[in-house]
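K.L.:
Can you keep this structure in mind? I'll have questions shortly.
The values are calculated or read from the model by the stated rules, or taken from the named source; none is laboratory data. What you are looking at is a predicted structure, and each value in this text was computed from that prediction instead of being measured. Neighbour counts run over all protein chains shown; Cβ positions are idealised from the backbone, glycine included.
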Amino acid sequence: MTRYILVVLSWLAIFGMPACATADIQKCPDTKTAPSFEPNELLIVFKKGTESSRIHTIHESLKVEVLREYFGGDIALVKIPDGSSIEELCQAYNTFSEVKSVGLNFTTIRPLKS
């Protein structure tokens, strides 16, 4: 299972997550029709070469709690603060040029069809 998660995270780091590709709020996921996801968490992918101090400053400015970092901080799992919404945070993260993509933390993994 751990190997599978690392493969998925590697793929996301390379190709990005399609959920919130731009700062346009319509590009953020529709949380009413999305498969199962953690309602107070987002996965943030930063562009390669972004300094860790800058990443920390971005998270701090949005008042999120970093739950876990992957690939040296290039991908972060963050907890949305009380009173904020997924859509607000998606839009806020996408205002930073260092952010490659923002997506939901899905809890359901569908098998690939062959």
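K.L.:
Would you mention how many residues in the stretch 39-61 are over 14 Å from V102 (Cα atoms) and either buried (at least 19 other Cβ atoms within 10 Å of the Cβ) or touching a Leu at 6+ places or on another chain (Cβ under 8 Å) (or both)?
P.N.:
So the count comes out to 0.
K.L.:
Please tell me if E87 is in a helix (DSSP H, G or I), surrounded by 12 or more Cβ atoms within 10 Å (Cβ to Cβ) and not β-branched (V, I, T).
P.N.:
yes
K.L.:
Would you confirm whether any residue within the stretch 18-29 is touching a strand residue (DSSP E or B) at 6+ places or on another chain (Cβ under 9 Å), modelled with pLDDT of 90 or more and either surrounded by 12 or more Cβ atoms within 10 Å (Cβ to Cβ) or in a helix (DSSP H, G or I) (or both)?
P.N.:
There is no residue in the stretch 18-29 that is touching a strand residue (DSSP E or B) at 6+ places or on another chain (Cβ under 9 Å), modelled with pLDDT of 90 or more and either surrounded by 12 or more Cβ atoms within 10 Å (Cβ to Cβ) or in a helix (DSSP H, G or I) (or both).
K.L.:
Now, a different point. Going by the structure shown, is L104 outside any helix (DSSP H, G or I), modelled with pLDDT of 90 or more and in contact with a strand residue (DSSP E or B) (Cβ under 9 Å, 6 or more places away or on another chain)?
P.N.:
When the stated conditions are applied, L104 does not pass them.
K.L.:
Moving to a separate point now. What pairs can you find where one residue is in the stretch 54-82 and on the phi < 0 side of the Ramachandran plot and acidic (D, E), the other is modelled with pLDDT of 95 or more and part of a helix (DSSP H, G or I), and their Cβ atoms are less than 9 Å apart, with a gap of 6+ or different chains?
P.N.:
E65/H59; E69/I55; D74/I55
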